[in-house]
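As structure tokens, the structure follows; a few thoughts come after it.
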Amino acid sequence: MTTRIVILGGGTGGTLTANRLRRRYRPDEVEITVVDQDDQHVYQPGLLFVPFGMSDPEDIVRPRRRQLHGGITFVEAAVDHVDVGANEVHLQGAAPTLGYDVLVVASGARLVPEETEGLTGPGWMEKVFTFYSPEGAAALATALDDFDGGRLVVNVVDMPIKCPVAPLEFCFLADWYFTERGIRDRVQITYATPLESAFTKPIAAETLGSMLEAKGIELVPEFNTGEVDGAGGRLIGYDEREVPFDLAVVIPLHGGAEYVGRSPGLGDELDFVPADEHTLQSKVAPNIFVIGDAANVPASKAGSVTHFEGETLVDNIAHFLAGEPLEPTFDGHANCFIETGFHKALLIDFDYDTEPLPGRFPGPVGLPLLKDSRLNHLGKLLFQPVYWHSLLPGRDLPGLSSTMPTAGKRYAAATKED
Amino acid sequence: MTTTTTVAGTTVDLDDEGFFTDPTQWNEDMAREMAAEEGIELTDRHWTVVRFTRNEYLQKGTGATVRMLGKASGVPVKELYQLFPKAPAKTAARIAGIPKPRGCI
């Protein structure tokens, strides 16, 4: 009998998983179905550039079904819930129920701005924006265009968020943008974060913290947003501290897909699906696997992580189907270009055990790590075609292994923190 | 870096931020003493949070974040900040004798 694999989500993780599986199995061995509620695949790293007019929203969206190889069924429907015990996915509307032998949860993270008091109230999309959605990023582009001076506040409400470096990149690009417009001296840029410093990992936090300072961006650490007063122009912390703004760019709370919450036993309190951090098998049922932002694993919610997870995930689905033990091969590898403005970017590379270190990537003659350079900025720009043409088809990228390379890293830097 | 210190008359191991490295060394007297050092007198509401996060750690390997506490402990976020000012998740974890909750990266 044909094995049925159902993949929930046609984004980065779902698409590369489907394509890798299709290459591994013949269609008469394995039937692959991808479910998504719409047919719009957004290149999410591109959202950062939209507010600054450096990227058009329509240039970063392509049809989901076109990214899937032949022999993969695409179902455009919203998931109502998963019946974990019956191995069934129930869809909304008239779409028939899908039975599965293996389920892959790849439905990402969802923005939940309504969970923060006042955030979607007066002022939302007028002077309070987010660039984490295509509509938000496009609306913010207009607002930035009209902004002639005052207080710009960039605020992360709470972790986890997708691409934890993006809010910092937004600050750096805003500094560049207002400098180019000749009004940087009339704009006060503030970064308010719930973290203790600019970033989660100590050595990178030090580098990024000094960059904020050098660019005259104020850092407000340990700020926990309790309420957004859009009309009054202030963020109010749970500790009653206030941060005033004329324009606020807020990264809202994130949760998993709504259907996860409607599926008994599938997700955690935030609707993410708990999974083994090294095998990516869910802790819910042995035939359910998780990839990307949908997973509750201690890795960044980022496209690079999802990409590196792909190999482990597909190998382990194969092991599971063959009745073999799974391999704990995923090491938490993440790799992020951080735009710092003025045609430069910084690169960080890390895993579960190793924090971002200085050095070169992937080996001693590679791109500079934890240091801004023009080369890294080019790397970031070149990544978009690589995403559509190599990463989504599920190809291994030349010179880029799934596990974290150690060759070019300067480990001595880490020891001083211990 | 782990340092050995005495809490409520017993020797325990704490990391450099004051979190227990071995949760089995903890008892409720230690919780009261560590809370008092933070200027907190533990009420039933505090204990609800402390027990919840300790239980999360024992079951899942990490203590709860503020959002998780707000959603699942039965104590709303606003009240969490009143009970444990500044950093509710960290303070509750310290008092509950568990390692620092694994922040999100």
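The values are calculated or read from the model by the stated rules, or taken from the named source; none is laboratory data. The shown structure was predicted, so the numbers you read here are calculated from the model rather than taken from an experiment. Because the Cβ atoms are built from the backbone with ideal geometry, glycine has one as well, and the counts that use them run over all protein chains shown.
Please return the ranges of strands (runs of 3 or more DSSP E) entirely within the stretch A:184-234 where 3 or more residues are touching a residue at least 60 places away in the same chain (Cβ under 8 Å). Steps first, answer last, please.
Numbers: elements: A:187-192, A:218-220, A:225-229.
So the answer is A:225-229.
When the stretch A:179-208 is filtered for residues that are under 22 Å from residue A:157 (Cα atoms), more than 14 Å from chain B (Cβ to nearest Cβ) and surrounded by fewer than 18 Cβ atoms within 10 Å (Cβ to Cβ), the ones remaining, listed by number, are A:188, A:206.
Here residue A:285 does not fit the description of being more than 14 Å from chain B (Cβ to nearest Cβ) and not in a loop (DSSP other than H, G, I, E, B). Here the condition is being at pLDDT 95 or above, buried (at least 22 other Cβ atoms within 10 Å of the Cβ) and among the small types (Gly, Ala, Ser); of A:299, A:275, it holds for A:275 alone. Please go through the stretch A:221-252 and pick out each residue that is within 19 Å of residue A:199 (Cβ to Cβ) and crowded, with 17+ Cβ neighbours inside 10 Å. Scanning the stretch A:221-252 gives A:223, A:224, A:225, A:249, A:250, A:251.
With respect to residue A:33, determine if the residue is over 27 Å from residue A:254 (Cβ atoms) and either under 21 Å from the mean Cα position of the chain (by Cα) or surrounded by fewer than 21 Cβ atoms within 10 Å (Cβ to Cβ) (or both). So residue A:33 fails the test. Residue check: residue A:125 meets all listed conditions (1) within 30 Å of residue A:334 (Cα to Cα); (2) in contact (Cβ under 8 Å) with a residue 12 or more places away in the chain but one, namely (1). Of everything in the stretch B:73-94, what is under 22 Å from residue B:17 (Cα atoms), within 11 Å of chain A (Cβ to nearest Cβ) and among the small types (Gly, Ala, Ser)? Give them in sequence order. Result: B:87, B:89.
Please work out if residue B:40 is touching a residue at least 60 places away in the same chain (Cβ under 8 Å) and more than 10 Å from chain A (Cβ to nearest Cβ). Here the answer is no, as residue B:40 does not meet what is asked.
What is the residue count in the stretch A:1-30 for residues that are β-branched (Val, Ile, Thr) and surrounded by fewer than 20 Cβ atoms within 10 Å (Cβ to Cβ)? Before you say what the answer is, go through the steps one by one.
Looking only at the stretch A:1-30, we keep the residues that are β-branched (Val, Ile, Thr), and these are A:2-3, A:5-7, A:12, A:15, A:17, A:30.
Then keep just the ones that are surrounded by fewer than 20 Cβ atoms within 10 Å (Cβ to Cβ); that gives A:2-3.
Qualifying residue count for the region: 2.
From the set of residues in the stretch A:106-164 that are in a loop (DSSP other than H, G, I, E, B) and acidic (Asp, Glu), which is nearest to the other protein chains (Cβ to nearest Cβ)? Here the answer is A:158.
It is to be established whether one or more residues within the stretch A:320-336 are on the phi > 0 side of the Ramachandran plot and within 14 Å of another protein chain (Cβ to nearest Cβ).
At the first step, the residues of the stretch A:320-336 found to be on the phi > 0 side of the Ramachandran plot are A:323, A:332.
Still in the running and within 14 Å of another protein chain (Cβ to nearest Cβ): A:332.
Yes, the stretch A:320-336 contains a residue that is on the phi > 0 side of the Ramachandran plot and within 14 Å of another protein chain (Cβ to nearest Cβ).
Among the listed residues B:53, B:48, B:4, B:65, which satisfies the condition of being more than 28 Å from residue A:157 (Cα to Cα) and modelled with pLDDT of 90 or more? Even if it seems obvious, please write down each step before you answer.
Working: B:53 fails: more than 28 Å from residue A:157 (Cα to Cα); B:48 fails: more than 28 Å from residue A:157 (Cα to Cα); B:65 fails: more than 28 Å from residue A:157 (Cα to Cα).
Among B:53, B:48, B:4, B:65, only B:4 is more than 28 Å from residue A:157 (Cα to Cα) and modelled with pLDDT of 90 or more.
The combined condition, being assigned by TED's automatic domain parsing to the domain that holds residue A:15 and either touching a strand residue (DSSP E or B) at 6+ places or on another chain (Cβ under 6 Å) or not charged (D, E, K, R) (or both), is not fulfilled by residue A:350. Restricting attention to the stretch A:238-259, the residues that are within 24 Å of the chain's Cα centre (by Cα) and either without any contact (Cβ under 8 Å) to a residue 60 or more places away in the chain or within 14 Å of another protein chain (Cβ to nearest Cβ) (or both) total 6. In the set B:63, B:97, B:70, only one residue is within 14 Å of chain A (Cβ to nearest Cβ), under 25 Å from residue A:202 (Cβ atoms) and not hydroxyl-bearing (Ser, Thr, Tyr); that residue is B:63.
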